[in-house]
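Computed from the coordinates by the stated procedures, all read-outs in this text should not be read as laboratory data. Here the structure is a predicted model, which is why all the values come from computation and not from measurement. Cβ placement follows ideal geometry from the backbone for every residue including glycine, while neighbour counts extend to all protein chains displayed.
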Amino acid sequence: MNKTKLLNIKQASELLGITPLTLRRWDNNGRLTAIRVGSRGDRRYEEAKLLELIKKGKI
């Protein structure tokens, strides 16, 4: 089974060098889609996808 590492919004924003607010805006605008988890709908981001975007220079 392939386990995907999910980052919370703080971890993802630190990895990308942006604020959590910017990450929320990108999610709301469709630039970077989050996975929603739990009853509150907390945002999670796949670490591999974020690293791929960084590598491609898209962020």
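Quick notes on this structure:
- Reach of K58 by Cα under 18 Å, taken over lysines that are not fewer than 8 positions away in the same chain: K49
- Helix-only [θ]222 nm of the chain, DSSP H runs n ≥ 4, -39500 (n - 2.57) each, per residue, nearest 500: -13500 deg cm²/dmol
- Cα gyration tensor shape of the chain, rounded if a/c is under 1.5, else prolate or oblate by comparing a/b with b/c: oblate
- Charge context of L53, other residues only, Cβ under 13 angstrom, K/R +1, D/E -1: +2
- Net charge in the neighbourhood of K3 (other residues with Cβ under 13 Å of its Cβ; Lys, Arg +1, Asp, Glu -1) is -1.
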